[in-house]
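Input: a single structure, listed below in structure tokens.
The values are calculated or read from the model by the stated rules, or taken from the named source; none is laboratory data. Since the model is a prediction, treat every value here as computed from it, not as a measurement. Cβ atoms come from the backbone with ideal geometry, glycine included; neighbour counts cover every protein chain shown.
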Amino acid sequence: MKKAVITSLMLGAMPFIASAQLENIEDIVVSIGDIIDLLVPIVFALAILYFFWGLAQFILASGDETARAEGRQKMIWGIVAIAVMASIWGLVFFLQDAVGVSRVDAPSIDVIPTVN
């Protein structure tokens with residue numbers, strides 16, 4: 001019974017899957033890049049929130065040494081996460097510059113109009 005339900009759902013979804021196919025590998029790479037571009041700021045924000053959560057725990061637990069140690073560990077891991085992500089981000093931009101690959105999505109500073 002379970003196999004029949006799964007098979008019928010898969011067969012029913014086939015037209016949607018077929019129409020959603022990407023035409024070539026460039027579209028796939030651009031789609032993955034767009035998803036990563038959306039996720040990077042979210043992950044940075046989560047790492048910063050984790051650091052501040054540890055900081056608040058460290059400050060609020062002034063009398064309890066175990067809670068202070070736990071807050072200190074959260075702050076350390078938050079800083080480590082931010083440093084690793086920034087390093088990888090910098091390495092990616094360095095490699096893009098070295099290879100000559102660039103994304104044209106963001107406008108350059110010259111394009112932004114100024115108000116006089």
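Checking LEU22 against (1) at pLDDT below 80; (2) aliphatic (A, V, I, L, M); (3) assigned to a helix (DSSP H, G or I), which test does it fail?
For LEU22, the exception is condition (3).
Just give me the residues in the range 51-68 being surrounded by 13 or more Cβ atoms within 10 Å (Cβ to Cβ) and farther than 25 Å from PRO41 by Cβ, in sequence order.
Result: PHE58, ALA61, ALA67, ARG68.
Among the residues of the range 37-50, what is the count of those that are hydrophobic (A, V, I, L, M, F, W, C) and surrounded by 12 or more Cβ atoms within 10 Å (Cβ to Cβ)? Give the derivation first.
First pass over the range 37-50, keeping only residues hydrophobic (A, V, I, L, M, F, W, C): 38-40, 42-49.
Keeping just the survivors that are surrounded by 12 or more Cβ atoms within 10 Å (Cβ to Cβ) gives 40, 43-44, 46-48.
Adding up the residues that qualify gives 6.
Only residues that are in contact with a helix residue (DSSP H, G or I) (Cβ under 8 Å, 6 or more places away or on another chain) and more than 18 Å from ILE82 (Cβ to Cβ): list them for the range 61-72, please. Give the steps one after another, and end with the answer.
Our first condition is that a residue be in contact with a helix residue (DSSP H, G or I) (Cβ under 8 Å, 6 or more places away or on another chain); within the range 61-72, this holds for 61-62, 67-68, 70-72.
Answer for the range 61-72, where residues must be in contact with a helix residue (DSSP H, G or I) (Cβ under 8 Å, 6 or more places away or on another chain) and more than 18 Å from ILE82 (Cβ to Cβ): ALA61, SER62, ALA67, ARG68, GLU70.
Can you spot a residue in the range 50-62 that is modelled with pLDDT of 70 or more and within 16 Å of the chain's Cα centre (by Cα)?
Restricting attention to the range 50-62, the residues satisfying the condition of being modelled with pLDDT of 70 or more are 50-62.
Retained after the next criterion (residues that are within 16 Å of the chain's Cα centre (by Cα)): 50.
Yes: the range 50-62 contains one or more residues that are modelled with pLDDT of 70 or more and within 16 Å of the chain's Cα centre (by Cα).
Could you please give the count of residues in the range 72-105 that are surrounded by 14 or more Cβ atoms within 10 Å (Cβ to Cβ) and within 29 Å of LEU38 (Cα to Cα)?
Qualifying residue count, the range 72-105: 8.
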